[in-house]
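Participant: This is the structure, below, for whatever I ask next.
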Amino acid sequence: MIEKRRSKISGWGVFATQAINKNKRIISYSGEKISNAESVRRERRYIKGGHIWCFKLTNRTVIDGHVGGNDSRYINHSCRPNCYVHIIDGVIWVRAAKNIRKGEELTYNYHTDGDGLIQCKCRPGCRTIL
Ligand SMILES: C[S@@+](CC[C@H](N)C(=O)[O-])C[C@H]1O[C@@H](n2cnc3c(N)ncnc32)[C@H](O)[C@@H]1O
Ligand SMILES: [Zn+2]
């Protein structure tokens with residue numbers, strides 16, 4: 001249903017290899033489950049390489065997609081995304097926010113707080129800081 005390819009937004013991205021229906025569970029954001037405190041330490045290190053990998057699951061737990069993750073870790077952020085994230089029974093699902101065409105890049109909104117200081121490139125002229 002999906003594959004990793006070079007993206008116009010940034011580095012690697014994930015693309016639909018077939019049409020995907022709205023609300024379909026596409027892939028789960030997997031990786032090592034760590035504490036919030038540990039994720040703060042790791043994020044400081046990762047951000048030096050320009051990357052955000054940690055996904056907040058609850059106030060106390062975070063999934064580090066950089067360790068033991070799957071291709072979901074290559075899904076880029078967009079401020080006008082075609083996917084959304086839905087946490088069901090502790091699993092972070094990436095789901096289709098609309099009907100997605102074959103070849104479209106998958107994106108969701110990271111909802112970061114700007115700490116990464118990464119200029120968003122989801123579209124020309126976007127002013128968001130990730
Ligand atoms: C989870 S990774 C996504 C995969 C990444 N493109 C790669 O090649 O490894 C998140 C990182 O991708 C980049 N990224 C994702 N969405 C972006 C966007 N809308 N604008 C700029 N950079 C983005 C940032 O460097 C971010 O820290
Ligand atoms: Zn943007």
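Participant: When the range 1-13 is examined, which residues are found to be in a strand (DSSP E or B) and within 8 Å of ligand 1 (Cβ to nearest atom)?
Facilitator: Once the filter is applied, which keeps residues that are in a strand (DSSP E or B) and within 8 Å of ligand 1 (Cβ to nearest atom), the range 1-13 yields 12, 13.
Participant: Could you say whether any residue in the range 67-78 is assigned to a loop (DSSP other than H, G, I, E, B), under 15 Å from the mean Cα position of the chain (by Cα), among the polar types (S, T, N, Q) and surrounded by 15 or more Cβ atoms within 10 Å (Cβ to Cβ)?
Facilitator: yes
Residues checked against (1) within 14 Å of ligand 1 (Cβ to nearest atom); (2) in contact (Cβ under 8 Å) with a residue 12 or more places away in the chain; (3) closer than 26 Å to residue 8 by Cβ:
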{"site": "19", "(1), (2), (3)": "no, yes, yes"}
{"site": "30", "(1), (2), (3)": "yes, yes, yes"}
{"site": "39", "(1), (2), (3)": "yes, yes, no"}
{"site": "56", "(1), (2), (3)": "yes, yes, no"}
{"site": "82", "(1), (2), (3)": "yes, yes, yes"}
{"site": "89", "(1), (2), (3)": "no, no, no"}
{"site": "96", "(1), (2), (3)": "no, yes, yes"}
{"site": "112", "(1), (2), (3)": "yes, yes, yes"}
{"site": "126", "(1), (2), (3)": "yes, yes, yes"}
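Participant: So residue 46 ticks every box in (1) surrounded by fewer than 18 Cβ atoms within 10 Å (Cβ to Cβ); (2) touching a residue at least 24 places away in the same chain (Cβ under 8 Å); (3) in contact with a His (Cβ under 7 Å, 6 or more places away or on another chain) but one. Which box is left unticked?
Facilitator: Of everything listed in (1) surrounded by fewer than 18 Cβ atoms within 10 Å (Cβ to Cβ); (2) touching a residue at least 24 places away in the same chain (Cβ under 8 Å); (3) in contact with a His (Cβ under 7 Å, 6 or more places away or on another chain), residue 46 misses just condition (2).
Throughout, read-outs are computed from the coordinates displayed, never taken from laboratory work. Just so it is clear, the structure is predicted and the values come from calculations on it, not from any experiment. No Cβ is skipped: glycine too gets one built from the backbone with ideal geometry, and neighbour counts run over all protein chains shown.
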